[in-house]
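Enquirer: Dropping a structure here in structure tokens format, bear with me for questions.
The values are calculated or read from the model by the stated rules, or taken from the named source; none is laboratory data. Keep in mind that what you see is a predicted model, and the values were worked out from it rather than measured. Glycine gets a Cβ as well: all are built from the backbone with ideal geometry, and neighbour counts include every protein chain shown.
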Amino acid sequence: MKVTKDLVAASATPMVLGILAEADSYGYAILRRINELSGGELDWTEGLLYPLLHRLERLGHVEADWRSVAGERRRKYYRITDSGLAELAEQRRQWDTVVDALKEIWRGPDGSRSLIVFPSGGLA
């Protein structure tokens, strides 16, 4: 299954902020974590991640610094700020609302899981 660009774009900010709320991280590690969390379904590229990180940095939601680890090259580490934590809380509230609404739509009027027929012939 390929997740659409629109859904990836909409979920990118809360996903990155959520990962940085766990711990400071650098670009490649963030990409690996997203892949891991999605079971390989979200295969982000650097072209998606770095512009997002730079935007979050401009907005004050993340801060970055260069760090050296023995035997490895320098990496730019990102950490979430208080502003970023507040934004993450707001994003979570909004996503909870969307997910709850979708669950209601998919549940059906009688409370059971509604029968949805997909173009591929599959059922939900």
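Enquirer: Enumerate the pairs (first residue in segment 55-69 and over 12 Å from Thr13 (Cα atoms); second residue anywhere and of a type in the set (A, V, I, L, M) and at pLDDT 95 or above) with beta-carbon separation below 9 Å, excluding pairs fewer than 6 apart on the same chain, so at least 6 apart or on different chains.
Expert: Glu63/Ile80; Ala64/Leu53
Enquirer: Filter segment 29-45 for residues that are within 15 Å of Tyr77 (Cα to Cα) and among the charged types (D, E, K, R); which is surrounded by the most Cβ atoms within 10 Å (Cβ to Cβ)?
Expert: Among those that are within 15 Å of Tyr77 (Cα to Cα) and among the charged types (D, E, K, R), it is Arg33.
Enquirer: Quick check on segment 82-91. Is at least one of its residues in contact with a Ser or Thr (Cβ under 7 Å, 6 or more places away or on another chain) and either under 14 Å from Pro14 (Cα atoms) or among the β-branched types (Val, Ile, Thr) (or both)?
Expert: yes
To keep it simple, each residue is scored yes or no on (1) closer than 20 Å to Lys2 by Cβ; (2) exposed (fewer than 12 other Cβ atoms within 10 Å of the Cβ); (3) at pLDDT below 95.
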| position | (1), (2), (3) |
| --- | --- |
| Leu59 | no, no, no |
| Glu63 | no, no, no |
| Gly71 | no, yes, yes |
| Arg79 | no, no, no |
| Arg93 | no, yes, no |
| Thr97 | no, yes, no |
| Gly108 | no, no, yes |
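Enquirer: List the pairs whose first member sits in segment 19-34 and is touching a residue at least 60 places away in the same chain (Cβ under 8 Å), whose second member is surrounded by fewer than 15 Cβ atoms within 10 Å (Cβ to Cβ) and not polar (S, T, N, Q), and whose Cβ atoms are under 7 Å apart, counting only residues at least 6 apart or on separate chains?
Expert: Qualifying pairs under 7 Å: Leu20/Arg79; Ala21/Leu85.
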